[in-house]
């Protein structure tokens, strides 16, 4: 879309722009977790969503690496509360049996974003070259600001806070989730719950899993279009082909849910990782002359994030107490952050355009 040329980015600087977002994550982790327990979760989350949108729009007025690095850092700082907030809200509204599908719907929204993002990018690609990437950031930013405003007025953390439910409906909604035994209150910090979380081996397993999935995610998020282009597709074709991973992400999520239904969540998570391994093997072994088949391997590789659905489901359905939930959410977020910081740095200029070593 011309961002490298317009801002005179080197290959190394482009990699760092992918990592800097997650330094913002790390910097915002402690403040975000404190603020989510100290203030209204809905108000804080919606305000950060609005700020995130403003920061996205600011990308469109940057002219060099320094400006982009600053807004990328702020982007991560504002975004860090999103996953913990959603995880908590889902756990407060849905029964354990319902949470797998609800988490999957939430997670598959990234696939929908791929589809819409690719379409909008293609539309803006038809515009003047200097406006292409800038217009995309400004459009996405304004859309996110609007979303934040809607969340402020209509989102409820739990049934007790839902202004659009009657008192009888609130009681019914609370009775539905009583069997979860995970609580619906978010305001109290508990040292015993924090200690319990730190002594739970599952916290550290989740942390390591998120580091290992964050590594490829960070690299592919930044260099995905470059990888597709290296198969031999034009810039316009690459923009359109960036939509397909979104379609397969939605389908892959549905397939993973079916596997989980007929087996269990662990096997479903492994299934997603096996598909990714098959995809990587295809990209390595298929001749460079067969661009379509190699692109198919790339699509399969992108199935690995679906395993995170089952990690999130565990945190919403299997962890009780607001402080313990926040601790598990922090482990999830920090692990994912570390992986995404390191991921773009494995894509070296010397390995371009295929990045086999990465």
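The values are calculated or read from the model by the stated rules, or taken from the named source; none is laboratory data. None of the values given here were measured: they were computed from a predicted structure. Neighbour counts are summed over all protein chains in view; Cβ atoms, including those assigned to glycine, are modelled from backbone coordinates with ideal geometry.
For the reader, a short list of remarks on this structure follows.
- The set of residues in region 315-330 that are assigned to a helix (DSSP H, G or I) and either more than 17 Å from the chain's Cα centre (by Cα) or surrounded by fewer than 22 Cβ atoms within 10 Å (Cβ to Cβ) (or both) comprises 317, 322, 323, 324, 325, 326, 327, 330.
- Checklist (1) surrounded by fewer than 19 Cβ atoms within 10 Å (Cβ to Cβ); (2) modelled with pLDDT of 95 or more; (3) within 13 Å of residue 148 (Cα to Cα) applied to residue 49, failing item: (1)
- From the options 54, 9, 68, residue that is at pLDDT 95 or above and surrounded by fewer than 20 Cβ atoms within 10 Å (Cβ to Cβ): 54
- Going through (1) under 22 Å from the mean Cα position of the chain (by Cα); (2) assigned to a helix (DSSP H, G or I); (3) crowded, with 21+ Cβ neighbours inside 10 Å one by one, residue 294 falls short only on (1).
- Exclusive hit being touching a residue at least 40 places away in the same chain (Cβ under 8 Å) and in a helix (DSSP H, G or I), set 142, 123: 142
- Residues in region 99-119 that are crowded, with 16+ Cβ neighbours inside 10 Å and over 16 Å from the mean Cα position of the chain (by Cα) were compared, and the one that is farthest from residue 324 (Cα to Cα) is 118.
- Within region 168-261, helices (runs of 4 or more DSSP H) holding 1 or more residues that are closer than 26 Å to residue 95 by Cβ: 191-198, 201-230
- Scope region 297-314; condition under 17 Å from the mean Cα position of the chain (by Cα) and without any contact (Cβ under 8 Å) to a residue 60 or more places away in the chain; matching residues: 303
- Residue in region 252-266 that is within 17 Å of the chain's Cα centre (by Cα) and crowded, with 17+ Cβ neighbours inside 10 Å present: yes
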